[in-house]
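Take a look at the structure set out below.
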Amino acid sequence: MEKYESKQQQILLPAEVVYTMISRFDNLTPALADKVEEWQADENHCSFKAKGFTVKLQIIDKEQPKYVKITGDDGGVPIDFSFWIQLHSVSERDTRIRLVLHAELNMMMRMMVGSKIQGALDQIVEGLAKSFNSIPY
């Protein structure tokens, strides 16, 4: 299983506030419903369409305010993976966030998309940090 880690980003909010938002898929509905097709979510499961494919995800583990672990739900994603959103509280208004992806990729897929995955993780974590830092607190 390959491991990809994003760069660490700073969020100027308490870790508990960030965790509350990322620990339930239904909390993401306002941010994602108009950005993907057919968004559906409850606390621990979500599904949506991306480029014509249905993606189903589930939260399989979480610890407040440290991390949320996500994996593909039945029939939703064709590769075996786990995705961690890690939070580290540095101080009351300084939380560091990092994304970690463990994915089962064959040699050809690693060569084709390995560097793109790394870049995508960095972009996603930068976008998350920017979004959280725009929340008035």
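The values are calculated or read from the model by the stated rules, or taken from the named source; none is laboratory data. Everything quoted here is computed from the prediction, not taken from an experiment. Cβ: placed from backbone, ideal geometry, glycine included. Neighbour counts: every protein chain shown. Keep in mind that these areas ignore ligands, DNA and RNA; they rest on the heavy atoms of the full protein, side chains included. Shrake-Rupley method; radii C 1.70, N 1.55, O 1.52, S 1.80 Å.
Numerical summary
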quantity: Looking only at segment 1-43, and only at residues there that are acidic (Asp, Glu) and either open to solvent by 80 Å² or more (accessible area, probe 1.4 Å) or not in a helix (DSSP H, G or I) (or both), the one that is modelled with the lowest pLDDT; calculated: 34
quantity: Given (1) free of Cβ contacts under 8 Å to residues at least 12 places away in the same chain; (2) in a helix (DSSP H, G or I); (3) in contact with a helix residue (DSSP H, G or I) (Cβ under 7 Å, 6 or more places away or on another chain), index of the condition residue 112 fails; calculated: (3)
quantity: Residue that is farthest from residue 29 (Cα to Cα), among those in segment 91-105 that are open to solvent by 40 Å² or more (accessible area, probe 1.4 Å) and part of a loop (DSSP other than H, G, I, E, B); calculated: 104
quantity: Check on residue 76, over 18 Å from the mean Cα position of the chain (by Cα) and either farther than 18 Å from residue 125 by Cβ or at pLDDT 90 or above (or both); calculated: no
quantity: Some residue of segment 76-90 being touching a Leu at 6+ places or on another chain (Cβ under 8 Å), closer than 19 Å to residue 131 by Cα, in a strand (DSSP E or B) and open to solvent by 50 Å² or more (accessible area, probe 1.4 Å); calculated: yes
quantity: Residues that are open to solvent by 40 Å² or more (accessible area, probe 1.4 Å), more than 16 Å from residue 22 (Cα to Cα), part of a strand (DSSP E or B) and of a type outside the set (Lys, Arg), drawn from segment 51-75; calculated: 53, 54
quantity: Breaking point among (1) touching a Ser or Thr at 6+ places or on another chain (Cβ under 6 Å); (2) farther than 13 Å from residue 8 by Cβ; (3) of a type in the set (Lys, Arg), for residue 98; calculated: (2)
